[in-house]
Structures are given as structure tokens and as C-alpha cells.
Amino acid sequence: MNQPTDNPVERVDAIFERVCANGLRRGSVLGASDDQIDQMAAEQGVERVPEAVREVLRIMGVRSGLWLAGTAFGVDAMTAERKRHVVATLAGLEHELADPRGLLALTAHQGYAYHVVDGADLDQDDPPVWDVVEGEGARRAWGSVSDWFAGTAPDVADLRDVLEMMEEMGKQPPKWAEFVEPRQS
């Protein structure tokens, strides 16, 4: 396996390549342009997007496929309104974020759970990611964006097992089956 790298772009790319090697169909995701990423950041009132976040968005910022399935993510989903929601959620919680108003919202799940980068950490290339849950709290859940990217990756091997079991039972494959490469014989 490849050696870990200090370069956050290379770390994110290596994680994506590993998930694709495990069977994620490469075409199931669609990346955003730097202009789209900058526009999303501007809408959230953020001047700098950390390099690791930028690379994740370059890979899957328009369509994330099985990655973060069921969760709002990407340049079109992470709007100023979603950021306002997470900032309002934080206002009702005890937390240790240094700059909640300056945060970068990465995901929103059903309007009560969010993944964010603290505004005070946006100068880092691969900053920590916080998990914010309404009514529960905010915690630093991942030590870096690249750890978050790896931790939220779909378990393609498990999904393949599910598909094989469904096939054995004569069931129609679910819509998400198109995002998984068939197992090589």
C-alpha cells in the first residue's frame, strides 16, 4: 500500500482511489470546478476553503453517489441557508468551536446533524471536522478532513455482498447498484 503523505490533496486522492479499487464506480461521482467551490464558499461567507476540502469537492462536489448517501453535500447543497441552520443549532449548544459564525458547513443531514470545519481552522490545509447534532452537542469527530473523507466512505465490499445476496434471492437490484462495479472473477 502507498505510504501516507503530508500533502492533503494526495491523501484525499489516495482515499478515493482505494475506494474505487474496492469497487466504487468512478463515474458515480462528479466533481465541482474551482469556480463552483469558490461560489459555494462565498455564499457561506468563507474566504478560504482548506485544500483537503477543495480536493474532496473536486472529486464529488456536484454528485457524491454512494458517498454520504442521504446527506446534503456538495456545492449546490451547502448553501448560506444550511450554514445559518448549523450556526443557529450551535447557538443552542455548549461547544468548543472557536469561530462558529465563520465555519464552513460540509454536510447537513435531515436538518439536525451537520459536519463542519471551525472558522478558526480554515487556514489549515487539512483541518479537523466537527460533528454537530441538534439537542446533543458538538464534538471534534475527525482529526482532519482526510480522516473524515475516509470515515464517511461507502463500504463497497459490504454493498457487493448485499447485491449478491439479492441476486441469489431473485430480487431486483436497488438503484444504487449502478454505482458498484461487478466483482471480478
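The values are calculated or read from the model by the stated rules, or taken from the named source; none is laboratory data. Bear in mind that the values here come from a model prediction, so they are computed numbers and not experimental data. Here Cβ is always computed from backbone atoms with ideal geometry, including for glycine, and neighbour counts include all displayed protein chains. Note: accessible area is taken over every heavy atom of the protein model, side chains too, but ligands, DNA and RNA are not part of it. Shrake-Rupley method; radii C 1.70, N 1.55, O 1.52, S 1.80 Å.
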From D123, D158, residue being at pLDDT 95 or above and either over 25 Å from A42 (Cα atoms) or not in a helix (DSSP H, G or I) (or both):
D123
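Please state which one of V62, V86, V29 is closer than 20 Å to A120 by Cβ and in contact with a strand residue (DSSP E or B) (Cβ under 9 Å, 6 or more places away or on another chain).
Working: V62 fails: closer than 20 Å to A120 by Cβ; V29 fails: closer than 20 Å to A120 by Cβ.
Just one listed residue meets the conditions, V86.
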Might you check whether a residue that is in a loop (DSSP other than H, G, I, E, B), closer than 22 Å to A41 by Cβ, open to solvent by 70 Å² or more (accessible area, probe 1.4 Å) and without any contact (Cβ under 8 Å) to a residue 60 or more places away in the chain occurs anywhere in region 135-154?
no
Test result for D13, more than 30 Å from Q184 (Cα to Cα) and either open to solvent by 20 Å² or more (accessible area, probe 1.4 Å) or in contact (Cβ under 8 Å) with a residue 24 or more places away in the chain (or both):
no
Go through (1) out of contact with any helix residue (DSSP H, G or I) (no Cβ under 6 Å at 6 or more places or on another chain); (2) crowded, with 19+ Cβ neighbours inside 10 Å; (3) touching a residue at least 60 places away in the same chain (Cβ under 8 Å); (4) more than 19 Å from P154 (Cβ to Cβ) one by one and return the number of the condition V49 breaks.
(1)
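Determine, yes or no, whether G61 is on the phi > 0 side of the Ramachandran plot, open to solvent by less than 60 Å² (accessible area, probe 1.4 Å) and of a type outside the set (F, W, Y). Explain how you work it out, then say what you get.
Numbers: on the phi > 0 side of the Ramachandran plot: no; open to solvent by less than 60 Å² (accessible area, probe 1.4 Å): yes; of a type outside the set (F, W, Y): yes.
In short, no.
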